[in-house]
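Student: Here it is, the structure, as structure tokens.
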Amino acid sequence: MLRLSKSVVGKEEIEAVAKVLQKEYLGMGENVKEFEDLLTDYFDTPSVCVNTGTSAIHLAVQAIGLGPGDEVLVQSLTYVATFQAISATGATSIPCEVYPDSMTIDLEDAKKRITPNTKAIVPVHYGGGPGDLEALYRFAIEHKLRVIEDAAHAFGTLYKGKLIGSFGDICCFSFDGIKNITSGEGGAILTKDEDVLEKIKDARLLGVQKDTDKRYAGQRSWEFDVEYQGWRYHMSNIMAAIGVEQFKKFPFFKQKRQQLAKQYQAAFADFDKVKILDHNYDTAVPHIFTIQVEAEKRDALKEHLKDMGVQTGFHYFPNHMLTKFKIEGLQLPLTEKIHKTLVTLPLHPDLEEEHVATIIKEIKSFLNQS
Ligand SMILES: *Cc1c(COP(=O)(O)O)cnc(C)c1O
């Protein structure tokens with residue numbers, strides 16, 4: 001079976017975890033500091049590591065002060081994690097359409113949904129491509145919105161020569177098992193906003209004020225004050241040790257993901273039964289590779305590929321169609337149409353060129369016959 005996605009770990013991660021276990025200091029300590037320092041250097045921006053990408057977004061939304069009554073613009077076509085992270089603060093996600101060429105948030109549509117309660121926009125860098133981020137930041141400035149980038153798909157992506165996460169307002173990454181790099185589970189927030197950084201550092205440790213530096217020195221606070229709602233969202237040394245090894249391997253992961261995505265892209269570029277995104281894989285580091293096919297053929301194609309030993313996925317079922325996130329009277333005709341055409345193809349660093357060639361051949365022959 002060619003897997004849709006998988007963790008790619010080796011003896012380096014195993015040895016790093018074994019070292020943490022031997023030290024018998026498993027919680028948040030020096031390994032987390034080491035991983036954070038690597039990220040801070042790489043992005044030239046302060047970073048805070050947490051236990052999931054979802055908690056990264058939750059803490060970011062909380063840190064900019066949002067809660068009940070506040071509205072956040074976000075594309076409906078994203079992982080439910082984005083919506084749950086926003087609603088965890090009590091704020092309301094306002095689902096928006098996407099541009100079908102990049103699957104990033106449609107700003108014309110978003111503009112129509114702005115109210116006096118709109119406080120932030122959460123762009124999702126779908127498949128690793130950020131779309132027109134300059135336009136997005138112009139939109140945010142014009143409408144006085146904070147920006148929290150859901151960059152879970154885009155670790156390592158460059159935008160106009162700059163790393164996603166190295167500029168902008170607030171940027172959240174995920175290091176769950178199948179993302180561009182993993183720390184087992186995990187996530188990080190990158191921002192140059194000192195106030196937001198301070199709030200997130202405290203909030204990940206149950207709101208205990210200024211506990212981070214103590215933890216990094218192998219200590220903890222016994223007498224402290226708590227002013228704000230906090231959560232048990234810190235990263236452990238075990239996770240960070242995996243993250244550090246994965247970060248070292250990232251140049252290889254990046255090259256491999258980009259190479260395979262380019263192979264898919266080239267093969268489907270002039271094949272009219274498959275529509276692909278217009279991401280540039282010289283600069284985007286793709287977490288997933290999604291194609292669009294005729295809705296009537298989508299399930300049969302997935303079934304056929306499964307029979308041929310190729311696992312596929314589908315990103316995503318629209319959030320505004322979920323019971324929890326439905327909004328009375330809100331419809332997104334494009335998203336409702338597009339999601340039925342989506343198929344995600346295998347993409348991970350252990351996949352080889354010949355595997356991708358086989359997958360492409362199967363898709364083309366199936367769609368030409370059916
Ligand atoms: C993976 C992912 C998240 C959440 O990250 P976790 O680490 O799994 O909690 C958020 N948004 C998107 C688009 C994702 O793909």
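Student: Go through (1) within 12 Å of the ligand (Cβ to nearest atom); (2) of a type in the set (S, T, N, Q); (3) within 17 Å of HIS315 (Cβ to Cβ) one by one and return the number of the condition THR52 breaks.
Tutor: (3)
Student: Go through the range 350-368 and give me each residue that's touching a helix residue (DSSP H, G or I) at 6+ places or on another chain (Cβ under 7 Å), surrounded by fewer than 20 Cβ atoms within 10 Å (Cβ to Cβ) and closer than 21 Å to PHE250 by Cα.
Tutor: Of everything in the range 350-368, just one residue is touching a helix residue (DSSP H, G or I) at 6+ places or on another chain (Cβ under 7 Å), surrounded by fewer than 20 Cβ atoms within 10 Å (Cβ to Cβ) and closer than 21 Å to PHE250 by Cα, namely GLU353.
Student: Being buried (at least 17 other Cβ atoms within 10 Å of the Cβ), among the small types (Gly, Ala, Ser) and within 16 Å of the chain's Cα centre (by Cα) is the requirement here; does ALA56 meet it?
Tutor: Here the answer is yes, as ALA56 does meet what is asked.
Student: Which one is surrounded by the most Cβ atoms within 10 Å (Cβ to Cβ), of the residues in the range 103-112 that are under 17 Å from PRO318 (Cα atoms) and either acidic (Asp, Glu) or away from the ligand (no atom under 15 Å from the Cβ) (or both)?
Tutor: Applying the filter and picking the extreme gives ALA110.
Student: Residue under question is GLY69, and the condition is that it be more than 18 Å from the chain's Cα centre (by Cα), surrounded by fewer than 22 Cβ atoms within 10 Å (Cβ to Cβ) and closer than 17 Å to ILE170 by Cβ; does it hold?
Tutor: No.
Student: How about the range 172-220: which of its residues are modelled with pLDDT under 95 and of a type outside the set (A, V, I, L, M)?
Tutor: Once the filter is applied, which keeps residues that are modelled with pLDDT under 95 and of a type outside the set (A, V, I, L, M), the range 172-220 yields GLN209, LYS210, ASP211, THR212, ASP213, LYS214, ARG215, TYR216, GLY218, GLN219, ARG220.
Student: Just to be sure I understand, how many residues within the range 316-370 are of a type in the set (S, T, N, Q) and assigned to a strand (DSSP E or B)?
Tutor: Residues meeting the conditions: 1.
Student: Looking only at residues in the range 75-91 that are within 21 Å of TRP231 (Cβ to Cβ) and not in a loop (DSSP other than H, G, I, E, B), which one is farthest from the ligand (Cβ to nearest atom)?
Tutor: That would be SER87.
Student: Does the range 14-29 include one or more residues that are more than 17 Å from the chain's Cα centre (by Cα), crowded, with 22+ Cβ neighbours inside 10 Å and within 16 Å of the ligand (Cβ to nearest atom)?
Tutor: Taking every residue of the range 14-29 in turn, none turns out to be more than 17 Å from the chain's Cα centre (by Cα), crowded, with 22+ Cβ neighbours inside 10 Å and within 16 Å of the ligand (Cβ to nearest atom).
Student: Quick check, is GLY168 at pLDDT 95 or above, within 15 Å of the ligand (Cβ to nearest atom) and small (Gly, Ala, Ser)?
Tutor: Considered against the rule, which asks whether it is at pLDDT 95 or above, within 15 Å of the ligand (Cβ to nearest atom) and small (Gly, Ala, Ser), GLY168 comes out as no.
Student: Go through the range 60-74 residue by residue and tally those that are among the hydrophobic types (A, V, I, L, M, F, W, C) and either within 12 Å of the ligand (Cβ to nearest atom) or out of contact with any strand residue (DSSP E or B) (no Cβ under 7 Å at 6 or more places or on another chain) (or both).
Tutor: Selection size over the range 60-74: 3.
Student: Can you pull out the residues in the range 164-185 that are over 15 Å from LEU197 (Cβ atoms) and of a type in the set (Asp, Glu)?
Tutor: If the condition is that a residue be over 15 Å from LEU197 (Cβ atoms) and of a type in the set (Asp, Glu), then ASP176, GLU185 are the ones that fit.
The values are calculated or read from the model by the stated rules, or taken from the named source; none is laboratory data. If you're wondering where the values come from, they're calculated on a predicted model, not measured in any experiment. When we count neighbours, we look across all protein chains shown, and the Cβ atoms used for this are built from the backbone with ideal geometry, even at glycine.
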